Amino acid sequence: ISEITHAIYRQAVPKGVVATAVNEIGKYLRVSRCLGAIGAPGGSPTMAAEFCAPGISAWSASDIFKLLSLVGQQAPDASGVVALEAGQVPELRHLDIESGLAVTLVDKEQQVPAGVLLIEQSGEARRWKPSEIYMLKTLGDQVVIAVNHARLRSLMKTLSVSDERTGLLSRSSYLDCLLSEMGRAKVQGTPLAVAVVEVDHGQQIAHQFGEMAVNTVMEQLAQGVL
């Protein structure tokens, strides 16, 4: 779990997070397919990635939509896992599924469903181990967090305006970031630390050495912070 988590957090974009997660989970658990879909229940996913074992055909977009609809119709167990068995849901065989597991991805900041992470076995029934179920649930949580982080980084790159001289974010950008972090800390009930840096003797430096010296100090300080 830690190795796969490390791999998904290295991805720069949300699609890379989902693709890396399904590939690593699929290979490690040796399943026929692993599907990760991000999006609100009942609608088409905003992004999806699929791992297929050798000899296994990928699902079409309509297949994925049909599968997500079937998953949504099944009642999860007490831990939030949906067990998929073709013996109980014959429609699964049309998708080449004998046994499967699906977990609903939940955005814990907003407390809303965020997608589905699913593994399945074709050709023969498979009895899933408790460790495999735990792995799928744990990595599902990490996928949601990593996707949100990747989106936030992309948003900051798009919207933030850096000071040309220091390279630090502009005042409005870091205030927006701070307010966002405050909201997240409030929802999650986690601590939030804020460091405030004040430059000493700015007026004395300017008086003795000129404004250029103050600018140099600020640039050096900014590089240290960065």
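For the reader, a short list of remarks on this structure follows.
- Matching option when the condition is farther than 30 Å from residue 106 by Cα, surrounded by 11 or more Cβ atoms within 10 Å (Cβ to Cβ), in contact with a Leu (Cβ under 7 Å, 6 or more places away or on another chain) and at pLDDT below 85, among 167, 202: 167
- Verdict on residue 77 being free of Cβ contacts under 8 Å to residues at least 24 places away in the same chain and more than 29 Å from residue 184 (Cβ to Cβ): yes
- Residue that is farthest from residue 27 (Cα to Cα) [pool: residues in the stretch 41-70 that are within 21 Å of the chain's Cα centre (by Cα) and in contact (Cβ under 8 Å) with a residue 40 or more places away in the chain]: 41
- Conditions (1) under 30 Å from the mean Cα position of the chain (by Cα); (2) on the phi > 0 side of the Ramachandran plot; number of the one not met by residue 186: (2)
- Selection of first residues in the stretch 122-149 that are over 12 Å from residue 102 (Cα atoms) and assigned to a helix (DSSP H, G or I) and of second residues that are open to solvent by less than 60 Å² (accessible area, probe 1.4 Å) and among the polar types (S, T, N, Q), restricted to Cβ pairs under 6 Å at least 6 apart or on distinct chains, gives the following pairs, ordered by first then second residue: 142/5.
- Being open to solvent by 40 Å² or more (accessible area, probe 1.4 Å), without any contact (Cβ under 8 Å) to a residue 12 or more places away in the chain and either farther than 30 Å from residue 47 by Cβ or in a helix (DSSP H, G or I) (or both) is true of residue 208.
The values are calculated or read from the model by the stated rules, or taken from the named source; none is laboratory data. Every value quoted in this text rests on a predicted model; they were computed, and no experiment measured them. Neighbour counts are summed over all protein chains in view; Cβ atoms, including those assigned to glycine, are modelled from backbone coordinates with ideal geometry. All accessible areas refer to the heavy atoms of the entire protein, side chains included, with ligands and DNA or RNA removed. Shrake-Rupley method; radii C 1.70, N 1.55, O 1.52, S 1.80 Å.
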